[in-house]
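The values are calculated or read from the model by the stated rules, or taken from the named source; none is laboratory data. Note that the structure is predicted; figures quoted are calculated from it, not measured. Note: ideal-geometry Cβ built from the backbone for every residue, glycine included; neighbour counts use all protein chains shown. Just the protein is used for accessible areas: all its heavy atoms, side chains included, with ligands, DNA and RNA removed. Shrake-Rupley method; radii C 1.70, N 1.55, O 1.52, S 1.80 Å.
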Amino acid sequence: MDKLKKSVILFHSTNYAIWAQNELQANGLPCKMISVPRQLSSDCGYCVQMETQDKPKAEQFLIAANIEFDRIDDL
Amino acid sequence: MLNKNNTGSVIYFDNAATTFPKPPEVAEAMLHYIRDIGANPGRSGHKLAIAAGQTVFAGRRTLAEFFHLKNPMHVIFTGNATDALNMAIRGVLQTGDHAITSSMEHNSTIRPLHRMQKDGIIDLSIVQADSGGLLDPQDVRKAMNSKTKAVIINHVSNVNGCIQPIREIGKICRERGIIFIVDAAQSAGIFPISMQEDFIDLLGMPGHKSLYGPTGSGALLIADDFDPKKIHPLKCGGTGSLSDSIEQPDFLPDMLESGTLNVAGIAGFTAGVQAIQKIDSIQNHKQKLQSYFLARAENEIPNFRHFTHPNLPAAGVISFILEKFSVSEVAQILSDKYNIMCRQGLHCAPLAHKTLGTFPDGTLRFGFSIFNTKEEIDTAIEALKSIAHG
């Protein structure tokens, strides 16, 4: 069941969301851009959605690549 | 070097003002954005907004790679080089600071600096170049004092193409902890520039000259290790980020990019840079054209005098006069009778013309691009010969 769960990476800026999505995909971590869910943030842009099982890998990758993000939330 | 398109019989030598024509990919990229994407980047979450954001990100990444910057978020899109240089100059200099610039600057640099000096905000030193326009880095060092906050240098002169030793000047700045701002309006796309190896903190450039983007495009690049909080944003407003706050974001690029970006311009700018990345002999091409023009002109045109600094690599920007003729008269005949486009006058650089001894009359300026050919120079030589012979 865990495989179907989704998480989202939230950013302070959509510029970082796009950068992160490009780098994550280029490094074999499937993800996609979605509108920021209103229950998670009041920002008007988008965030990166991925499978929850990939969360630790994605987090590790973003920190190593110096791509700043706000937080990762489970949906 | 490249095939022309749709320019007919016009010979365009006004490339130091803006390049024309552009590589065909530039118009195609702009059309693709306007026709197929069209949305506002970073403001909404729908597919087209994301595609617009990807268009802008591709530009940041392309420029970061081209100028040896690791962080694409340190690429700030502007309307032109003047925007970028104002953002840098007026953003970092505060009351009581001292700044250093050169006698070869374009008004894009000297006017904001002069204005800050006139308003009593900064002290300004203008380092004198030699009579060919070249600066001695040691003269820049001698002008530094304990209050010097920034050194602002034009990499290549828009008047005579003189190239300055920015790496040496940048090294001196780095040793003294002084911010080094470079105006790359005439050099970006011709000479290699490395934010890291040239010790540049802030690099301003137009998209529309030798990077072959459209007018209305430009960029400010900020060194990876430069603290963006040292820049006071000149403009505040909507960024699509931190929308629950009335505070301007304090991170790049958002803090310096308020308002909707010129996405069509950025698409064209990116395509221009990508087009020239495929060409490895741009400076060599300019060197050949400049050497050929000067050799023929000096030998064949009576009363021809040029102001190129000897023994420096060619930027393809040449200032010259035909003695006994006004520059405006010659430019008008070249345009009207021979379909040759060039610029005459002071080129928005009065101090540079004073340095070269061509103030207030100014000069004629030929600026060559990747599309110009030896055959076009032959036509121009015959035209100038004909004018000089009366």
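Order the peptides A:48-60, B:348-360, B:224-236 from the highest to the lowest mean number of other Cβ atoms within 10 Å of their residues.
On the way: A:48-60: 16.4, B:348-360: 19.4, B:224-236: 14.3.
Sorting A:48-60, B:348-360, B:224-236 by mean packing, highest first, produces B:348-360, A:48-60, B:224-236.
Shielding of peptide B:44-53 by partners, expressed as the average count of other chain Cβ atoms within 10 Å per residue Cβ, is 5.
Please calculate how many Å² of accessible area chain B carries per residue, with a 1.4 Å probe and no DNA, RNA or ligand atoms counted.
Details: 15480 Å² over 390 residues.
Ligands and nucleic acids excluded, the figure is 40 Å² per residue.
Angle of helix B:263-277 to the longest C-alpha principal axis of chain B, folded into 0 to 90 degrees and rounded to 10: 60°.
The candidates B:ARG174, B:ARG365, arranged from most to least accessible area with a 1.4 Å probe in the full protein assembly, appear as B:ARG174, B:ARG365. For B:LYS22, the lysines whose Cα comes closer than 17 Å to its Cα, not counting residues fewer than 8 places off in the same chain, are B:LYS4, B:LYS209, B:LYS278, B:LYS286.
When all protein chains stay in place and ligands, DNA and RNA are ignored, the 1.4 Å accessible-area order of B:ARG43, B:ARG90, largest first, is B:ARG90, B:ARG43. Computed from the C-alpha gyration tensor, the three semi-axes of the ellipsoid equivalent to chain B are 35, 27, 17 Å, from longest to shortest. Per residue of B:136-147, other chain Cβ atoms within 10 Å of the residue Cβ number 0 on average. Interface burial in the range B:245-267 reaches 20 Å² or more for B:PHE251, B:ASP254, comparing the full protein assembly with the chain by itself; accessible area from heavy atoms with a 1.4 Å probe. Per-residue Karplus couplings for the range B:34-49, computed as 6.51 cos²θ - 1.76 cosθ + 1.60 with θ equal to phi - 60°, are listed in order as 5, 7, 10, 10, x, 7, 8, x, x, 10, 9, x, 7, 4, 6, 5 Hz, Gly and Pro entered as x.
Relative to the longest principal axis of the Cα atoms of chain B, helix B:107-118 runs at roughly 60 degrees.
Taking a 1.4 Å probe, which of B:LEU124, B:LEU113, A:LEU4 shows the most accessible area, and what order do the others take after it?
I get A:LEU4, B:LEU124, B:LEU113, largest accessible area first.
Please list, by residue number, every one of the GluC sites (Glu not before Pro) in the range B:275-362 that is coil in DSSP and has at most 12 other beta-carbon atoms within 10 Å. Could the numbers behind the result be given before it?
Values: sites: B:GLU298, B:GLU300, B:GLU323, B:GLU329; in loops: B:GLU323.
Answer in residue order: B:GLU323.
In this simple spin-label model, placing a label point 7 Å from the Cα along the Cα-to-Cβ direction at both B:LYS47 and B:THR260 gives a separation of 2.1 nm. Accessible surface of the range A:6-74, 1.4 Å probe: 45 percent of it comes from carbon and sulfur atoms. Distance from the alpha carbon centroid of the range B:52-79 to that of the range A:1-39 works out to 20 angstrom. Only helices enter the 222 nm calculation for chain B: every DSSP H run of n ≥ 4 contributes -39,500 (n - 2.57), and dividing by all residues gives -11000 deg cm²/dmol, rounded to 500.
Return the value, in Å² to the nearest 100, of accessible area buried between chains B and A (probe 1.4 Å, both sides summed).
On the way: alone 16290 and 4780 Å², together 19400 Å².
Separately minus together, B and A give about 1700 Å² buried.
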